[in-house]
1. So, in segment 54-85, how many residues would count as being closer than 10 Å to residue 111 by Cβ and in a strand (DSSP E or B)?
2. Are any residues in segment 129-147 buried (at least 18 other Cβ atoms within 10 Å of the Cβ), touching a residue at least 40 places away in the same chain (Cβ under 8 Å) and over 21 Å from residue 158 (Cβ atoms), and if so, which ones?
3. Yes or no: segment 105-125 includes at least one residue that is among the aliphatic types (A, V, I, L, M), assigned to a strand (DSSP E or B) and modelled with pLDDT of 95 or more.
4. Criterion first (within 16 Å of the chain's Cα centre (by Cα) and either part of a strand (DSSP E or B) or at pLDDT 95 or above (or both)) does residue 194 satisfy it?
5. Could you look through segment 36-88, keep only residues that are touching a His at 6+ places or on another chain (Cβ under 7 Å) and surrounded by fewer than 23 Cβ atoms within 10 Å (Cβ to Cβ), and pick out the one that is nearest to residue 197 (Cα to Cα)?
6. Which one of 16, 11 is in a loop (DSSP other than H, G, I, E, B), at pLDDT below 95, surrounded by fewer than 22 Cβ atoms within 10 Å (Cβ to Cβ) and of a type in the set (Lys, Arg)?
Amino acid sequence: MNAVQPPFFFRWLSPRYLVCDQPGNGKVIYLTFDDGPVPEATPEVLDILAKYKAKATFFMVGDNVRRYPGIFNRVVQDGHAIGNHTFHHVNGWHTPPGAYMDDVCRCREYFETRLFRPPYGRFTPSQYFLLRKDFRFILWSVLTYDFHRHTTPEQCLDNAIGNSGSGSVVVFHDSPKSMNNVRYALPRFLQHFMDLGFRFEPIHSAPSSAKL
């Protein structure tokens, strides 16, 4: 069975070291999208968000930004936040700390942000300590499994609605393999929580109490 919520260890470290959710701001949900921008998915996701006047945070792969700068610009112009998701979508468990740092820094050649999400949620303590002075690590409280080949659109929606609430950081993906699920689940998810009075806001680069 897939774990929709993060491991207890991550939640225990949050929020001092890792952000898994952001409680305390009322009826707010933080939608996030990983792995874009790509023409097969990101513009459609942006259209859905615009229809519902919802804002989100896009964790972008640097090589995709290099290839599709116009889509990147639209994400920013639409008022969404952006985060670093490495340049090549590298797995931290299989990458030495120095090479991992180089890949993250290469992503910074194409856009600046203080938000970072490690691909697959996989990173080592060494990688974390190398990056924490420059980045706010954003993980999640709800993983929809929209990317999984055995997840149906209905299951994706159930994963999202059944585990979300005030302060939740919810992961979808703006990638081609996820779009069948996202196309079905995202608008229904948005409508469900908007009917309950929730807002959808981007994640800030620092906690609201911090001095920038």
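1. Number satisfying all stated conditions: 4.
2. 135, 136, 137, 138, 139
3. Restricting attention to segment 105-125, the residues satisfying the condition of being among the aliphatic types (A, V, I, L, M) are 115.
Pick out the ones that are also assigned to a strand (DSSP E or B) and you get 115.
Then keep just the ones that are modelled with pLDDT of 95 or more; that gives 115.
Yes, there is a match, as at least one residue in segment 105-125 is among the aliphatic types (A, V, I, L, M), assigned to a strand (DSSP E or B) and modelled with pLDDT of 95 or more.
4. On the way: within 16 Å of the chain's Cα centre (by Cα): no; either part of a strand (DSSP E or B) or at pLDDT 95 or above (or both): yes.
For residue 194, the condition - within 16 Å of the chain's Cα centre (by Cα) and either part of a strand (DSSP E or B) or at pLDDT 95 or above (or both) - is not met.
5. The first filter runs over segment 36-88 and keeps only residues touching a His at 6+ places or on another chain (Cβ under 7 Å), leaving 55-61, 63.
Imposing the further condition that a residue be surrounded by fewer than 23 Cβ atoms within 10 Å (Cβ to Cβ) reduces the set to 55, 63.
Values: 55: 15, 63: 37 Å.
Restricting to residues being touching a His at 6+ places or on another chain (Cβ under 7 Å) and surrounded by fewer than 23 Cβ atoms within 10 Å (Cβ to Cβ), the top hit is 55.
6. Numbers: 11 fails: in a loop (DSSP other than H, G, I, E, B).
The match here is 16.
The values are calculated or read from the model by the stated rules, or taken from the named source; none is laboratory data. Fair warning: this is a prediction, and the values are worked out from it, not measured in the lab. When we count neighbours, we look across all protein chains shown, and the Cβ atoms used for this are built from the backbone with ideal geometry, even at glycine.
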